[in-house]
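The values are calculated or read from the model by the stated rules, or taken from the named source; none is laboratory data. Since we're looking at a predicted model, the values are computed, not measured. No Cβ is skipped: glycine too gets one built from the backbone with ideal geometry, and neighbour counts run over all protein chains shown.
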Protein chains: 4
Amino acid sequence: MRAVLFQGVGRVEVGEAPEPQLETPWDAIVRVEWAGICGSDLHLYHGKFPLLPGSVLGHEFVGVVEALGEGVRGLEVGTRVVGTFHVACGVCPFCRRGEFHLCERRGVYGYGPLFGNLPGTQAERVRVPFAEVNLRPLPQGLPPERALFAGDILATAYGALKNTRLKPGERVAVVGAGPVGLMAVEAAFVMGASKVLAVDRVEARLSFAEGLGAIPVNSTKENPVRRVREETDGEGADVVVEAVGGTATLALAFELVRPGGRISAVGVDNAPSFPFPLSSGLVRDISFRLGLANVHRHLDELLALLATGRLRPEQVVSHTLPLEEAAEGYRLFDTKEALKVLLKVG
Amino acid sequence: MRAVLFQGVGRVEVGEAPEPQLETPWDAIVRVEWAGICGSDLHLYHGKFPLLPGSVLGHEFVGVVEALGEGVRGLEVGTRVVGTFHVACGVCPFCRRGEFHLCERRGVYGYGPLFGNLPGTQAERVRVPFAEVNLRPLPQGLPPERALFAGDILATAYGALKNTRLKPGERVAVVGAGPVGLMAVEAAFVMGASKVLAVDRVEARLSFAEGLGAIPVNSTKENPVRRVREETDGEGADVVVEAVGGTATLALAFELVRPGGRISAVGVDNAPSFPFPLSSGLVRDISFRLGLANVHRHLDELLALLATGRLRPEQVVSHTLPLEEAAEGYRLFDTKEALKVLLKVG
Amino acid sequence: MRAVLFQGVGRVEVGEAPEPQLETPWDAIVRVEWAGICGSDLHLYHGKFPLLPGSVLGHEFVGVVEALGEGVRGLEVGTRVVGTFHVACGVCPFCRRGEFHLCERRGVYGYGPLFGNLPGTQAERVRVPFAEVNLRPLPQGLPPERALFAGDILATAYGALKNTRLKPGERVAVVGAGPVGLMAVEAAFVMGASKVLAVDRVEARLSFAEGLGAIPVNSTKENPVRRVREETDGEGADVVVEAVGGTATLALAFELVRPGGRISAVGVDNAPSFPFPLSSGLVRDISFRLGLANVHRHLDELLALLATGRLRPEQVVSHTLPLEEAAEGYRLFDTKEALKVLLKVG
Amino acid sequence: MRAVLFQGVGRVEVGEAPEPQLETPWDAIVRVEWAGICGSDLHLYHGKFPLLPGSVLGHEFVGVVEALGEGVRGLEVGTRVVGTFHVACGVCPFCRRGEFHLCERRGVYGYGPLFGNLPGTQAERVRVPFAEVNLRPLPQGLPPERALFAGDILATAYGALKNTRLKPGERVAVVGAGPVGLMAVEAAFVMGASKVLAVDRVEARLSFAEGLGAIPVNSTKENPVRRVREETDGEGADVVVEAVGGTATLALAFELVRPGGRISAVGVDNAPSFPFPLSSGLVRDISFRLGLANVHRHLDELLALLATGRLRPEQVVSHTLPLEEAAEGYRLFDTKEALKVLLKVG
């Protein structure tokens, strides 16, 4: 079958990959219709994690169930489904607690040997382990290119806000208005934020955030700490979502948050540690949460919100390309010419 | 001073009432700018509760602080404030727990001897006991005629939904699209409802609800139980707000709610009891909550949502009249010619 | 195999029943070691639900996995497990939401054709559908006769309290000190109740409750409403668990609860409805919850509490009998000579 | 009046201090009966914060209301009360949200000019600002020397656990078995912990923790990481309370906590920052919370738990001395000869 193959650092091409097979009674084979290129695919593209040449990339997808192992319940061949970016087993102690993102058998599609060695989803077909846990039928009327976001970046942003226990009326600052940050803007409003401030340096992204209802704050043109305080009665934001993943933006988050506020960091960075402000953190009573998204937990409520159009994450898609043009898609996304790229596969 | 006076069942007139005075160190005198006519004012108008002729009516208001007792903290003369429909003391065991609506010294303005014997707010001035608990300054830029709703019917609807712990993505049915029901429609969306169904018999109210994003269900034209199930994958609503206050609509709520769902009833009815469906309630695992609004608890978050326009309850105002025309206002509201009447006082 | 058989109203005997077989890939066969006789078994014994003569009774059990279908994950032959009193599928919309007690494929062991037609567990072996959902391995060191309670009456009592969102420091009244009520006393303390009052008419049960730390209130000797108020600063209980299941005890619950309090009813009654106090419920702001236990949801935390002995529900066992003496066990329990009967099966 | 006076680093003596006066209508004068010496008093004793010689020390106290300003509601002269270690105003935006520990007018008794310049409570009398917010009558029958703990270290430990949203059945590790750590052990059990591990180096403290039901872990004799994992099915603790306040113990907390777990740090340290483990924190999904206790928020539920003896923090008191022997009390506590010292004042 045709698939997007990693061929070395900075090299991606579409070529032939082995057809996936049912390997256990709990597998499904999904014929992929749409696949996304995600910011974390670029980590592999840049060689941050080990990956053999010829490996299939990608972990965002919507498709149709083509085959099912005998042990799979709750799914039927022919059903359109959205997948989660990582797989969970459903029966380990973490999954039993609903902590699917910490599953003992966790694996990420297309992420190489450190993450379960699962072929990616930017391909005509993909094998889905523990299918009844890791696929969900689309609600009636939900466009597949919107549904795709529920399996990764929308859930990441949404989960970051859920982790803060955001309450209606609160004021949210989002640091970084890339795709994940923009999802956070949308999600914050759905959860009842009275005001959302988006902090970035790129005017185009800020305009996009403004279109979603946020107050744009260009940190190259104004002091974001001062602006956030002005917009929050001098207090700072109740909640800060750090969606960049750098130590400088983490430090900024601590300045933007009000005493008693909560910081939720979703960016994936290289730095092994950052200097947590201990004395001021104590006096200012800051909650800090860092973590991978628990996609599975949020999936059903996100699909409900997507189905009625309360969330429209597909707005961020700047480019839709056929699978065969995936290399160009990676280039556009890596150079930031594209905000979000979807591949139309089948 | 001029004030709206109850003169017997069905008789309201504007006349002279005694100027209010500071009676304790914790009182404030507020010069009223706007006062609302509330559905529960009609209970008095119809003689459901004892009230002496000549009593001042009303409990919804926005105004400016004109005088303060020496014991009042956190307020200043000249500040524009919104009041809550009832007063709480702030220091009894209920208030200490944040259950202001159950305050041992609770009193409702303009509601007669059974409710603390406090003169009403449809007047040029009103005395506010325990002022630091029962008044809140308006956030900058918040129009007073919008803020007014935070002190009563918006908080009632909002609190009814809070009591259900509504989660994003859930589906809400609102029974009764009068002013409180329409507030519930708006509030449900702010809390993240994926879908809201409004059930009523009056086409104009349903159109209004539709304008707020709800699916209108005219129960004289279609079976509301069937329609709600169709719109909820055959399950029923996750949450039902009963905003009428009749035993028939309560019974309907039990039919509209899904197994495991929650009913929150805010209507004020005359019936002393209704037959709670015990066997089916057990099997279907229904949560039932009835109660007065805890306005004070929700006040700050509502003011934040009102200030940025995420809630716009003033949309329901069909008539704005000067204080002197209050009698006409009562007539219009009682006959349902008006959806909501505000009085411009000062 | 040997099993406890229903032979008509009030007639139970131990006899031969067909060996269970694996019927689907998701089944397990469990060799039963311990089975309980539950208050709800008596409903069948008394003919309240249709049941064919010769049906196997019982739904509480601990045993060892003897055979597994090929589709079952997370379990191994030879593992000691506790079962839940009803089965859930794990993949329907209710199960996906964690509402296992409302599962679309719910079935109760030994409860006849209205409840899924599953043979009971008072037998040498039992077939467990959807085994990975409906069995849980015992933590190391947990005695089986203690673990058994997690699958039914302890979870029922615990869940009733969870439904009230009991907070540390609150005061709980339990109406009915039978086995479920006594579980509620224990569970309330584990959740942090500062004080628990147990209301009953039987002195022996009250002594038992007192031994668990509760204040005994014999309603034949003193006015329970007055006593509960005395013990709660005149307010009434924050939370009332109604563990009898009668309309009189429900009415009592409304008198025992404080304004703003919560009633959770777990008793199973015959009355189709009861007169819910509408006017006083409104003014007093009462939350009312009725429902079957969501056993699956609470299972892991209960097993953790049982394993370290923080919960010791086996204290209520008054009689342990071999399977062959089950008829005597039913007689003892039905006549209230026994507080709780366990059958030692294998 | 007689009072404990700071006379320079490491020098404390009992001498004469000015009688406190009512300075605002919202003040109370309390005649102190019991005062505690707190670990944070030692910070001043060691000169960590600026304090003028002659300043009165102390912030833990129980006493009797002797005088009240005219603006104070809800208190009466002659009532026995417990005070909070810091004062809050009750009307600023933080207090309105229930975040009393972040009050804009926060002041700590006996903590010098950086903390509101309030004379301390190790004295015959103390002025209490905003008295209706910062004093609470003792429930009937509650011994004053037990109640005293509710105003500071018990609330600190309890609040640290509340911040983690500890659920029944969870496993807690407490790092540091000093007075605060021991309070955390007791509080964890009240909130439903199935197991508590106390990690320390001092055998006497560990024995004390064991007496409270904890598993003692002497980190000089065994590897605490290995032991905690053994006791938690190899996972690590669900919740870690760091009650020492050092960067080494913080680092240990990250090793003791399970993936998906929560760390709550209450120790007060000098280090301005510590290296937060970013990469592993992301993969392991750790929640981190640091902060001062919100004493006021927990006061009523703690008093309820103390009144019925479910919490017995006075067990940690190793020495009770008359006020005049306070210098000896400081010495004993500073050298760790005492676990906790109370001063009997009046």
Given region C:113-188, what strands (runs of 3 or more DSSP E) lie entirely inside it while holding 3 or more residues that are outside the structural domain of C:S40 (by TED's automatic domain parsing), of a type in the set (D, E) and modelled with pLDDT under 95? none
Can you pull out every residue in region B:92-130 that is within 11 Å of chain C (Cβ to nearest Cβ) and either of a type in the set (D, E, K, R) or within 18 Å of B:P20 (Cβ to Cβ) (or both)? B:R97, B:E99, B:E104, B:R106, B:F115
Within region A:246-258, does at least one residue satisfy the condition of being farther than 18 Å from A:R171 by Cα and within 14 Å of chain B (Cβ to nearest Cβ)? no
If a residue must be surrounded by fewer than 23 Cβ atoms within 10 Å (Cβ to Cβ) and not hydrophobic (A, V, I, L, M, F, W, C), how many such residues does region B:133-158 contain? 7
Which count do you get for residues in region A:304-331 that are of a type outside the set (A, V, I, L, M, F, W, C) and over 26 Å from B:A193 (Cβ atoms)? 10
Restricting attention to region B:47-91, and to residues there that are away from chain D (no Cβ under 14 Å) and more than 23 Å from the chain's Cα centre (by Cα), which single residue is nearest to D:C103 (Cα to Cα)? B:V77
Residues in region C:60-81: is at least one among the hydroxyl-bearing types (S, T, Y), on the phi < 0 side of the Ramachandran plot and in a loop (DSSP other than H, G, I, E, B)? yes
D:A188 passes all but one of the listed conditions (1) within 13 Å of chain C (Cβ to nearest Cβ); (2) surrounded by fewer than 24 Cβ atoms within 10 Å (Cβ to Cβ); (3) under 22 Å from the mean Cα position of the chain (by Cα); the exception is number (2)
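Residues being part of a helix (DSSP H, G or I) and farther than 19 Å from C:T335 by Cβ: count how many of those fall in region C:189-205.
2
For (1) small (G, A, S); (2) in contact with a Ser or Thr (Cβ under 9 Å, 6 or more places away or on another chain); (3) within 21 Å of D:G74 (Cα to Cα); (4) without any contact (Cβ under 8 Å) to a residue 12 or more places away in the chain, each residue gets a yes or a no:
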site: B:R96; (1), (2), (3), (4): no, no, yes, yes
site: B:E104; (1), (2), (3), (4): no, no, yes, no
site: B:G116; (1), (2), (3), (4): yes, no, yes, no
site: B:K167; (1), (2), (3), (4): no, no, no, no
site: B:V174; (1), (2), (3), (4): no, no, no, no
site: B:G178; (1), (2), (3), (4): yes, no, no, no
Yes/no for C:G78 being surrounded by fewer than 20 Cβ atoms within 10 Å (Cβ to Cβ) and in contact with a Phe, Trp or Tyr (Cβ under 6 Å, 6 or more places away or on another chain): no
Pull up region D:17-59, narrow it to residues that are assigned to a strand (DSSP E or B) and in contact with a helix residue (DSSP H, G or I) (Cβ under 6 Å, 6 or more places away or on another chain), then point me to the one that is farthest from D:P137 (Cα to Cα). D:I37
Can you find a residue in region B:203-214 that is closer than 30 Å to B:G120 by Cβ and of a type in the set (S, T, N, Q)? no
So B:E235 ticks every box in (1) surrounded by fewer than 24 Cβ atoms within 10 Å (Cβ to Cβ); (2) in contact (Cβ under 8 Å) with a residue 12 or more places away in the chain; (3) of a type in the set (D, E, K, R); (4) more than 10 Å from chain C (Cβ to nearest Cβ) but one. Which box is left unticked? (4)
Among the candidates A:E210, A:E235, residue that is under 24 Å from B:L311 (Cα atoms) and part of a helix (DSSP H, G or I): A:E210
Is one or more of the residues making up region B:191-213 of a type in the set (K, R) and touching a residue at least 60 places away in the same chain (Cβ under 8 Å)? yes
Please go through (1) more than 15 Å from C:R310 (Cβ to Cβ); (2) of a type outside the set (D, E, K, R); (3) buried (at least 24 other Cβ atoms within 10 Å of the Cβ) for D:V196 and return the number of the only condition it doesn't satisfy. (1)
Qualifying helices (runs of 4 or more DSSP H) (wholly inside region C:244-330; at least 3 residues being buried (at least 21 other Cβ atoms within 10 Å of the Cβ) and at pLDDT 95 or above): C:247-256, C:295-307
When region A:9-35 is checked residue by residue, the ones that are closer than 20 Å to A:E325 by Cα and under 24 Å from the mean Cα position of the chain (by Cα) are A:V9, A:G10, A:R11, A:V12, A:E13, A:V14, A:R31, A:V32, A:E33, A:W34, A:A35
Note on region A:311-323: residues more than 14 Å from chain B (Cβ to nearest Cβ) and hydrophobic (A, V, I, L, M, F, W, C) are A:V316, A:V317, A:L321, A:L323
Which one is nearest to the other protein chains (Cβ to nearest Cβ), of the residues in region B:264-310 that are in contact (Cβ under 8 Å) with a residue 60 or more places away in the chain, touching a strand residue (DSSP E or B) at 6+ places or on another chain (Cβ under 9 Å) and β-branched (V, I, T)? B:V266
Is it true that some residue in region A:209-217 is in contact with a helix residue (DSSP H, G or I) (Cβ under 6 Å, 6 or more places away or on another chain), more than 14 Å from chain B (Cβ to nearest Cβ) and among the β-branched types (V, I, T)? yes
Only residues in region D:36-47 that are outside the structural domain of D:G245 (by TED's automatic domain parsing) and charged (D, E, K, R) count as the first member; pair them with residues that are in a loop (DSSP other than H, G, I, E, B) and buried (at least 21 other Cβ atoms within 10 Å of the Cβ), Cβ under 8 angstrom, at least 6 apart or cross-chain, and list the lot. D:D41/D:L57; D:D41/D:G58; D:D41/D:H59; D:D41/D:G110
